[in-house]
Amino acid sequence: MRNSKPVLGVETSCDETGVALLRWDPDQPGRGLLSHALFSQIALHAEYGGVVPELASRDHVRKLLPLVRETLKAAGMTTADLGGVAYTAGPGLVGALLVGASAARAMAWALGVPAIGVHHMEGHLLAPLLEDDPPEPPFVALLVSGGHSMLVEVKAIGQYRVLGDTLDDAAGEAFDKTAKLMGLPYPGGPALAKLAEQGTPGRFRFSRPMVGRPGLDFSFSGLKTQVLLAWQASDKSEQTRADIARGFEEAIVDTLAIKCRRALDATGAKRLVIAGGVGANKRLREQLAQAGAAGGFRVYFPRLAFCTDNGAMIALAGAIRLASGQHQDETIQVFPRWNLETLPAA
């Protein structure tokens with residue numbers, strides 16, 4: 001089913017304000033994305049070495065409506081052209097979520113159009129559907145970001161089974177914390193990955209956490225400790241820093257790749273979706289693409305701009321659900337924690 005009018009998507013779950021305009025068309029490449037805009041708060045939080053929730057919320061207040069106007073203008077439309085509003089209802093920082101939910105609900109009420117709260121991780125999971133050659137369910141999705149490391153079996157849109165989850169630090173969180181303890185600038189994950197490109201392969205080899213035991217859960221806190229001990233015992237030269245970064249990145253990527261192959265074997269799926277901020281990691285993309293070519297499965301990635309938090313993935317997930325007749329009442333409600341498996345089928 002198609003939306004005759006475009007849906008506005010609003011993302012404010014953490015430290016990026018994203019807005020997009022999308023007219024859902026399952027037969028159209030790009031799924032009908034009309035325009036999108038994003039504002040990152042990296043500069044705001046860099047002084048503190050991490051996201052400050054109160055500052056994040058205040059900046060969403062400042063940036064959200066100007067981004068809405070910018071997105072509408074880029075598409076040559078006004079609010080009168082909207083057929084619905086979708087927003088991130090969780091999981092995320094409660095204050096940041098409330099900014100987006102309040103603004104989206106107010107717009108929907110004023111315009112007399114339906115609104116729907118979207119699960120942030122469903123947005124990431126569906127982001128590859130914005131590409132010209134999207135995956136069709138069933139498939140396995142690896143969702144890797146600063147807050148999540150999760151393997152999900154996707155039987156259909158809205159029919160999800162979590163195969164494995166993080167027990168402590170998520171992959172992106174481990175990247176950021178490891179970078180910080182080695183003195184790299186915020187945000188640490190991308191800085192560490194860039195440094196790893198200059199590292200010597202094999203000089204430092206760290207464990208691949210939990211690959212020697214059954215199950216598909218993840219745990220990266222112990223790996224972070226290994227890196228800390230190696231760094232403290234080293235000469236702390238720039239080359240050593242790069243070599244440790246290389247060893248750490250290889251351990252993370254190997255672990256994720258091993259678990260992905262196991263999830264595909266367990267489900268019998270032949271398609272693998274990689275989404276979330278860590279999905280932009282160059283080594284992860286290369287290794288999984290090679291594994292897919294050798295193992296007879298296909299790997300799908302969203303474009304780099306849609307790996308991190310963005311409004312387009314929220315507009316897409318919301319448009320699909322609105323097109324299937326789902327929407328919610330005027331209650332402003334957010335879910336800082338939200339089980340993906342509780343979502344209804346679309």
> Per-residue HN-Hα couplings for region 130-145, Karplus 6.51 cos²θ - 1.76 cosθ + 1.60 at θ = phi - 60°, whole Hz, x for Gly and Pro?
Replying inline: 7, 8, 5, 10, x, x, 10, x, x, 7, 9, 10, 9, 9, 10, 8
> Can you tell me the accessible area per residue over the chain, all protein chains present, probe 1.4 angstrom, in square angstrom?
Replying inline: 41
> Quick one: if you take sqrt(5λ) for each eigenvalue of the C-alpha gyration tensor of region 128-246, what semi-axes come out, biggest first, whole angstrom?
Replying inline: 31, 17, 12
>> Can you tell me the mean projection area, over all orientations, of the convex hull of the chain's alpha carbons? Units nm², please.
In response: 16.7
>> Using 32 Å as the Cα-Cα cut-off, could you pick out the over-long pairs in LYS194/LYS259; LYS236/LYS282; LYS73/LYS259; LYS155/LYS224?
In response: LYS73/LYS259; LYS155/LYS224
>> With unit charges on the beta carbons (Lys and Arg positive, Asp and Glu negative) and the dipole taken about the Cα centre of the chain, which residue among SER237, GLY123, ALA345 sits farthest to the positive side?
In response: SER237
> Which value, in debye to the nearest 20, describes the size of the charge dipole of the chain about its Cα centre when Lys and Arg Cβ atoms bear +1, Asp and Glu Cβ atoms bear -1, and nothing else is charged?
Replying inline: 380
>> What are the ³J(HN,Hα) couplings of region 164-179, residue after residue, when phi is run through the Karplus curve with 6.51, -1.76, 1.60 and θ = phi - 60°? Round to Hz, x for glycine and proline.
In response: x, 9, 7, 8, 8, 6, 6, 4, x, 5, 5, 4, 5, 5, 5, 4
> Along the charge dipole of the chain, Cβ charges K/R +1 and D/E -1, which of THR200, LEU72, ALA315 sits furthest on the positive end?
Replying inline: THR200
> How far is the Cα center of region 60-92 from the Cα center of region 302-346, in Å?
Replying inline: 15
>> Out of the GluC sites (Glu not before Pro) in region 118-223, which ones are loop residues according to DSSP with at most 15 other C-beta atoms within 10 Å?
In response: GLU197
>> What does the charge count around GLY292 come to, taking other residues whose C-beta lies under 13 Å from its C-beta (Lys +1, Arg +1, Asp -1, Glu -1)?
In response: +4
> What are the residues whose amide H is under 5 Å from the amide H of ALA115, where those residues sit 5 or more places off or on another chain and H is modelled from the backbone?
Replying inline: VAL85, GLN328
> Using the Karplus equation 6.51 cos²θ - 1.76 cosθ + 1.60 (θ = phi - 60°), what ³J(HN,Hα) coupling, rounded to whole Hz, does each residue of region 44-51 give in order, writing x for Gly and Pro?
Replying inline: 5, 8, 4, 4, 9, x, x, 6
>> As a test of understanding, state the convex hull volume per residue of region 254-346 from its alpha carbons, in Å³.
In response: 141
>> Using only Cα atoms and rounding to the nearest 10 degrees, what angle (0 to 90) does helix 53-74 make with the longest principal axis of the chain?
In response: 60
> Under a no-solvent Debye model with one identical scatterer per Cα of region 21-121, what's log10 I(q)/I(0) at q = 0.12, 0.13, 0.22 Å⁻¹?
Replying inline: -0.45, -0.53, -1.30
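The values are calculated or read from the model by the stated rules, or taken from the named source; none is laboratory data. The shown structure was predicted, so the numbers you read here are calculated from the model rather than taken from an experiment. A quick note on method: Cβ atoms are made from the backbone with ideal geometry, for glycine too, and the neighbour counts reach across all protein chains shown. Note: accessible area is taken over every heavy atom of the protein model, side chains too, but ligands, DNA and RNA are not part of it. Shrake-Rupley method; radii C 1.70, N 1.55, O 1.52, S 1.80 Å.
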